1. Which residues, counting only those in segment 108-133, are part of a loop (DSSP other than H, G, I, E, B), touching a helix residue (DSSP H, G or I) at 6+ places or on another chain (Cβ under 9 Å) and modelled with pLDDT under 90?
2. Got a number for residues in segment 574-607 being open to solvent by less than 90 Å² (accessible area, probe 1.4 Å), farther than 15 Å from ASP553 by Cα and of a type in the set (Lys, Arg)?
3. Considering only residues of segment 199-244 that are under 25 Å from ALA538 (Cβ atoms) and open to solvent by 70 Å² or more (accessible area, probe 1.4 Å), which is modelled with the lowest pLDDT?
4. Kindly indicate whether any position in segment 526-537 is buried (at least 20 other Cβ atoms within 10 Å of the Cβ) and without any contact (Cβ under 8 Å) to a residue 60 or more places away in the chain.
5. Between residues in segment 574-593 that are in contact (Cβ under 8 Å) with a residue 12 or more places away in the chain and under 20 Å from GLU533 (Cβ atoms) and residues that are part of a helix (DSSP H, G or I) and of a type outside the set (Phe, Trp, Tyr), which pairs lie under 6 Å by C-beta distance while being six or more apart or on different chains?
6. Let me confirm something: among VAL27, VAL53, VAL35, VAL48, which residue is touching a Gly at 6+ places or on another chain (Cβ under 8 Å) and either basic (Lys, Arg) or not in a loop (DSSP other than H, G, I, E, B) (or both)?
7. Quick check on segment 548-561. Is at least one of its residues exposed (fewer than 15 other Cβ atoms within 10 Å of the Cβ), under 24 Å from the mean Cα position of the chain (by Cα) and among the basic types (Lys, Arg)?
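The values are calculated or read from the model by the stated rules, or taken from the named source; none is laboratory data. Keep in mind that what you see is a predicted model, and the values were worked out from it rather than measured. Here the Cβ positions follow ideal geometry from the backbone for every residue, glycine too, while neighbour counts run over all protein chains shown. Areas reflect the complete protein model, heavy atoms only, side chains present, ligands, DNA and RNA absent. Shrake-Rupley method; radii C 1.70, N 1.55, O 1.52, S 1.80 Å.
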Amino acid sequence: MSRSDVTEGSVSAVFPTVREVLALDPVRHGAPRVVAGDAGLDRPVRWVHVAEVPDIATLLGGGELVLTTGIGLPGDDAGLRAFIGDLADVGVSGLVVELGRRYVSGVPRVMVAAAERRGLPLVELRRATPFVRITEAVHALIVDAQLTELRATEEIHQRFNDLSVEGADAAEVIRQAAELSGCPVVLENLSRQVLGYDPAGESAELLLDSWEQHSRRIRPAGRTAYDPDSGWLVTAVGARGQDWGRLLLRWPASGDVPSAQSSEPIAGPPTRLTILIERAASTLALGRLIRRDAEGLERQIHRTLLTALLDHSRPVDEVALRAKALGVVLDRRHLVGVMVRHRAEDPGGEGGPEAAQARLRDLSEAVGQTLREAKLTGLASAVDDNSVGVLLALTDPAAEDRALSAFASALRRVRLDSGAGRATSGADPSRTPTGADASRSGRAPAAPRSAAAPEPFAADPHRVAGPGAVIVAAGSGVGSLREARRSLVEARQIAEAARQDRRDLPIFRLPHVGLAGLLHLLRDEPRLQTFVERELGALLEYDARHPREQLLDTLRAYLEQGRNKTAGAAAAHLSRPAFYERLARIARILDVDLDSVEATLSLHVALLALKAVRTP
């Protein structure tokens, strides 16, 4: 935010207006009458200055209410016009003239005309009033307002300190920001997708309608800045030098932003709101770094060790030692990273954080039971909000494929025995208790399947997966614990990419991941989102301003038809002249040569990446 924005915002909230000053008792005692510039009565008063010399403007900084008896003002019309012009140029809030010493019946008409022309409030005091009483009253009002602002700022710091210590989730941080400000708050990622919001009592539908297009028009200058054209206060959200989103707060809360054609300057939000949105952004960034879990002690240790391998937070020798103490030998073993996750975010159809945590716990328990049933050794635990990680420790590298096949088969049996796997055939998994639920309810769990029984995927391994399906992804096997992270990260990326692959493969490996899958697994990577914005940002902004044209669809049709303009025109349902004209406009907007193979390849990858970041 620029210095002028901060100053204007502070003035608008902390300092009284000219109208409020005129309502004070010492001023009302002087029988004030506004004779010009009444449209500017809502200007803030930063200070009160008494002046009896004509060149006082050179000593002012803007925002002052000038008091004078007029005894030192010029006697000619040109001098009075220059005096009013100088005050208006420096940005004073208004001019108050006490009648009786220089001007008896009223101020000169030339002053009234000049003040009206410049929009400067000009006030007559028709009764003598000690100026000191006016300055004391106004300055006391300013000090009280500043103390109120200081207390509000202190509450903001305390509230977000508490949220950081408690590890509050993003929804709670956004709710608190909206409550403290009384304004709608939106959290978005770098692709302008809404991650969370609180409408502060307004209509959520209206707030989020065509959000991406609206957001692209919000272009503040600075890391934290106010965009007066849209009325949004914006700050970047990120940690460790890596931004991953923006937090936006609408000011004024009503959304009634003054017109750009208005002669009055658009007042920005108060400084406390700038502090609030920056503290909220910091709390969001910190919360993203914090992971909390409520699993059993053994599972917590498994998670600690897997996380240490993924994050390099502990030496590998220490990880090996602690794993050995749990009965999992990792030294001199062939290690394979595996990730297991639900294909859908909400496979049971029941949303909410508690339901998601319960599903993840059930899946983690199923994976632990799978290791025991398949007689495999390894670490296993949830590693994030969606995935259960496994690090298999094999004594023989040649047994990798056999071990993975045994793991997948055992997991399918365990899930079918518990009832979770029936969702793949259309059953409602929420109505079928897991083994733990069955024991609590007094029902016996389903009998174990025979090891010789055919597996569900054996007959048709390429069938389309059902809504309750899970993905099992394996990374490349490695020969030492120091390389285990590479296998785990590879498995996580494959699992994420496999969500876009509708095949129901027992194990997904790296060869199954194509370009679309690769871009999907990288969709949350800020560098990929930055690439999309760099390649397509200008066109997306154009489409946001011209929603009926949608040139992005024209570009997509052209590229998907192999740059065949005739086929592209047919795919876009446009005549060839209209299609050619649109392509020429796209080339101008993006400043690219659409006949260049390299340029169009980059644009095509950007389009695929845009689809990936827009796909949950």
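1. Across segment 108-133, the qualifying residues are THR129, PRO130.
2. 0
3. Ranking the candidates gives GLN242 first.
4. No - not one qualifying residue is present in segment 526-537.
5. Here the result reads ILE586/LEU551; ILE586/LEU555; ILE589/ALA538; ILE589/LEU539; LEU590/ALA538; LEU590/LEU539, each pair linking segment 574-593 to a residue that is part of a helix (DSSP H, G or I) and of a type outside the set (Phe, Trp, Tyr).
6. It is VAL35.
7. no
Residues are listed down the side, and each one gets a yes or a no for (1) buried (at least 22 other Cβ atoms within 10 Å of the Cβ); (2) under 37 Å from the mean Cα position of the chain (by Cα); (3) part of a helix (DSSP H, G or I):
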{"position": "GLU354", "(1), (2), (3)": "no, yes, yes"}
{"position": "GLN357", "(1), (2), (3)": "no, yes, yes"}
{"position": "LEU360", "(1), (2), (3)": "no, yes, yes"}
{"position": "LYS375", "(1), (2), (3)": "no, no, no"}
{"position": "VAL388", "(1), (2), (3)": "yes, yes, no"}
{"position": "LEU391", "(1), (2), (3)": "yes, yes, no"}
{"position": "ALA398", "(1), (2), (3)": "no, no, yes"}
{"position": "LEU404", "(1), (2), (3)": "yes, no, yes"}
{"position": "VAL414", "(1), (2), (3)": "yes, no, yes"}
